[in-house]
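A short worksheet on the structure shown next.
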Amino acid sequence: MNRYLSFLFVALVMLFSKFLPAQDIHTFDLDGAWKFRRAGTKDWFPARVPGTVHLDLMRNNMIPDPYLQDNESKLQWIGEVGWEYTKTFQYDEKNFAWRHIDLVMKGLDTYANVYLNDSLVLVADNMFREWYADIKQSLHVGPNTLRIQFPAVVPENKARYARLAYKLPGDEKVVCRKAAYHFGWDWGPSLVTSGIWRPVYIREWDAVNVLGVQFITKKLTDSVANLAAQFTLFSELGDSADIRLFLDSTEILRQSVILNKGPNVVRGDFSVKNPKRWWPNGMGYPFLYNFGYEVYFNGILAGKGSQKIGLRTIELVQDKDTSGRSFYFKVNNVPVFVKGANYIPQDNFVPRVKDSAYRALVSDAKKANMNMLRVWGGGIYENDIFYDLCDENGIMVWQDFMFANSMYPGDKEFLDNVRDEAIQNIVRLRRHPCIALWCGNNEIDEGWKNWGWQKQYGYTPSDSASIYRTYRTIFNLILPNNVKRFDSARAYIPSSPLYGWGHAESLTEGDSHYWGVWWGKEPFLNYEKKVGRFMSEYGFQGFPDYSTIKKFTAPEDRVQGSAVMKAHQKHAVGYETIDEYLLRDYRKPKDLESYGYVSQLLQARGVVSAIEAHRRAKPYCMGTLYWQLNDCWPVVSWSSRDYYGKKKALQYAIPSAYDQILISPVIEDGHIKVYITTDDPKFNRAIMTVKVLDFAGTLYSDEGFTVDIPENSSLVYYDTLQSALLGKLNPKEVMLLVTFKSLGIMGTQVKNTLYFVSPKDLELPVPTIEKKVTATPTGYNIHLSCDKLVKNLYLSTSVKGEFSDNYFDMLPGESIDVQFTTPKKNAKMAELIVVKSLTDSY
């Protein structure tokens, strides 16, 4: 235990400092204005910290924007050369009265040598760790110069990789503890960054450091929550200390303890009566308690702070059953059907992601009825604000450790680095009630067993045994052991998925990444057949909004096949795959703008069909996380919202697909069936209607039923032969409309439609669409009406803002109001809002 307590002093000393504005601790901020230069050159240029070298080069007009046109390919040299950063600051003589003066680097990307007044004080080699150094002996009274050398990442990786006994899958980047997506992915650019990407400051302290406070739930019932506050303290002296704990402003615990010299762990037990629980979105309110704490040493305040804590239990249930093995979450002992998406970093240059962007993204997830985001293992352990927002909005987080699609070195230095990285991030994130699961890696076990790496790299049996032994050391020993030691209440799994999508077991055990659609070119219909216990990856690409395309292209680039459009598609056969699927279901669009619009309809059609299949299969399937929610740059990708936050058709479709009650009509073996799937914990009684009508509004069949819907269920409420229902009607000219209205107090209303042929075979009329635009306090109301079916009505405008709904079908004779939220008013707004539909794209 003492070894780990000593390490906690290293790992935790800075993690909680932002919660500790105390008399015995003081911080000296070093963010803001710095200078930088290319290594080996003379002239320095202005820089901003936190930041990256690419951002500083752009600010100084030394490079073009890497995201525009095909500039990415012209800027590869940046990762192939070294960089230096420097800052001169004044340090007062009175500050030397502090016993300890530490330099704290919250994030260095990635290889770094840190000098203070030309003395080497720190060597770093992990982007995901925090670094600190005792600098009291190197400081001067008056001006001090901090200088950081960032050796060239690409050559350093090549040199380290060359020293390995054998090549490893993932190539040179595997030797480097840096965000893997910086080196390029099939949705992201290769832009190898360097720099001080998180805050830097000096921390001054005296006798006692309050390194951290962990709130542990020992028992949670409706009547009482029994908790413990566990303080990790480092003391310069052996003496008494007092700890105090507050709920809001009311003191709930006061306890005296004896501290030993060195690291200490002290614990205070307390209770909360009639606790309010933290619930995921859609299940209740995510209540957060505000606990404050103070630590006194010899009567002097040594540290204080506060944490927002959610009281809840969470477990991952993986029990054997007649079909295989379950995979689902229980929160507060209630099974949860997980609805969400995979999340990647919001920018290749993370320091420029504003708090407002985090708020908008998490807000969009909540509005879409999501209750989980999976933080994918090729990105970063996200900034605190991301997890704070997920706490506040009831969004659970599946947290990957940062390992993806590669094998890794097994030397002691690398493994120790991984251990320290894991401990720091477990300790930093464990206070968040949103964290539901720790996962060791993305697709590495699947890759090792299914992707032919052994043959590709020519491994001997001895090589293979050694490489896989390292895999087991990291993902079956180091990571789970430290989760157990530092966050024992949460589950850990070594890899996602458990089995590759080509194996039958992937649909009966564990979580599943199903890529038969897209990678395997299998039809969308297979989404209904390939349903596993928990679908943690699947997806399809769609173009970004056309306004986004216009931002990264010149007019001459806006044609399919242009060099710039190719540069913004990172999948080797991405465009070919989209085109193949598009022509299966749609007619060939007339131009690039129309093609982008139809590609979004295609993406939404495929992914929503998968979601509905997953939800219909409840409780066999208990989760669906599509790939992917967002982008890190403007690109054609699997995202449902593009780099600028513009919602694609899929993002607009998700709120209905993830609604608490889903009406899902489907054709199965010649039968038209209507499923009602509910995540409501209460019984519902409702009126359901099933209608057949043509695109002009002529009604051919109208059936009504009273239906009783058990809580948390998925059942068939309508089943008839398609041939009997349609008779001699032309399936190209009619549709099925299912409506649902709850008889409860809330009167919930839901509807869904079913077409009997693919969109390209529909005999769509040319509708007349009426539009009336009126100003509102938050923007504009757009009143729309039509005479005939409008397929996938699309609203667009050059004015910055957001439509409340888009890409939707309008039934014959229907009227709909859409809100456009914008801070700008324009007398010509009615002219600036453009309306079109699928019939306009050919």
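Miscellaneous remarks
- All other residues whose Cβ lies under 9 angstrom from that of residue 141 are scored, Lys and Arg at +1 and Asp and Glu at -1, for a net of -2.
- Probe 1.4 Å, accessible area per residue of segment 82-129, Å²: 35 Å²
- Distance (nanometres) between label positions extended 7 Å along Cα→Cβ at residue 65 and residue 644: 0.9 nm
- Local electrostatic count, residue 758, Cβ distance below 11 Å [Lys/Arg +1, Asp/Glu -1]: +3
- Links that overshoot a 32 Å alpha carbon limit, given the list 366/673; 354/566; 673/772; 354/590; 550/791; 74/836: 673/772; 354/590; 74/836
- The value given for the chain is a Kirkwood hydrodynamic radius of 29.2 Å, derived from the mean inverse Cα-Cα separation.
- Neighbours of residue 53 by Cβ distance under 14 Å: Lys/Arg scored +1, Asp/Glu scored -1, total +3.
- Using a probe radius of 1.4 angstrom, the carbon and sulfur fraction of the accessible surface of segment 20-83 is 49%.
- Cα-based radius of gyration of segment 508-649 once divided by 2.2 N^0.38 Å, which approximates compact folds: 1.07
- Within straight-line reach of residue 646, meaning a Cα separation under 18 Å, sit the following aspartates and glutamates at least 8 residues removed in sequence or on another chain: 347, 355, 364, 545, 593, 631, 802, 805.
- Two-site FRET efficiency, residue 260 against residue 322, from Cβ-Cβ distance with R₀ of 56 Å, rounded to 0.05: 0.50
- Converting phi to 3J(HN,Hα) with the Karplus coefficients 6.51, -1.76 and 1.60 and the offset θ = phi - 60°, segment 564-577 yields 5, 5, 5, 5, 9, 9, 9, 7, 4, 10, x, 5, 5, 5 Hz in sequence order, with x at every glycine or proline.
- Just the protein heavy atoms count here, and of the accessible area of segment 705-842 at 1.4 Å, carbon and sulfur take up 53 percent.
- Taking the helices alone, the chain has a mean residue ellipticity at 222 nm of -6000 deg cm²/dmol, built from -39,500 (n - 2.57) per DSSP H run of at least 4 residues and averaged over all its residues.
- Cβ distances below 4.7 Å define possible disulfide partners, and in the chain the cysteines left without one are 176, 439, 621, 632, 786.
- In terms of its C-alpha gyration tensor, segment 274-376 has an oblate overall shape, because the principal axis ratio a/c (a ≥ b ≥ c, square roots of the eigenvalues) is not below 1.5 and a/b does not outweigh b/c.
- Within the same chain, aspartates and glutamates fewer than 8 places from residue 261 are excluded, and of the rest, those with a Cα less than 12 Å from its Cα are 236, 239.
- Listed residue pairs exceeding 22 Å between alpha carbons, taken from 521/732; 320/521; 588/648: 521/732; 320/521
- Cα-based helix-to-principal-axis angle, 412-429 vs the chain, degrees rounded to 10: 70 degrees
- For segment 712-769, the relative contact order comes to 30 percent (Cα pairs under 8 Å, sequence separation of at least 6).
- Cross-link reach is defined here as a Cα-Cα straight distance under 17 Å, omitting same-chain residues fewer than 8 places apart; for residue 87 the lysines meeting it are 35, 42, 106.
- Distance between modelled label sites at residue 556 and residue 463, nm, 7 Å Cα→Cβ extension: 4.8 nm
- Overall shape of segment 440-527 was characterised from the C-alpha gyration tensor. The equivalent ellipsoid obtained from it has semi-axes of 26, 21, 8 Å, in decreasing order.
- Between amide H atoms placed 1.01 Å from N, distances below 5 Å from residue 509 occur with 325, 533, all of them 5 or more places distant or on a separate chain.
- Between residue 746 and residue 824, the modelled label-to-label distance comes to 3.7 nm, taking each label 7 Å out from Cα in the direction of the beta carbon.
- Full-extension gain in nm, residue 28 to residue 359, via 0.36 nm per residue minus C-alpha separation: 116.3 nm
- A simple charge model with +1 on the Cβ of Lys and Arg, -1 on the Cβ of Asp and Glu and nothing else charged puts the dipole of the chain at about 520 debye relative to its Cα centre.
- Equivalent ellipsoid, segment 401-462 (semi-axes from 5 times Cα gyration tensor eigenvalues, Å): 29, 16, 6
- Residue 757/residue 285 FRET efficiency (R0 60 Å; Cβ-Cβ; nearest 0.05): 0.85
- Per-pair calculated FRET efficiency, R0 = 51 Å: residue 832 and residue 529 via Cβ, rounded to 0.05: 0.65
The values are calculated or read from the model by the stated rules, or taken from the named source; none is laboratory data. Since we're looking at a predicted model, the values are computed, not measured. Because the Cβ atoms are built from the backbone with ideal geometry, glycine has one as well, and the counts that use them run over all protein chains shown. Calculation scope for accessible area: heavy atoms of the full protein, side chains included, ligands and nucleic acids excluded. Shrake-Rupley method; radii C 1.70, N 1.55, O 1.52, S 1.80 Å.
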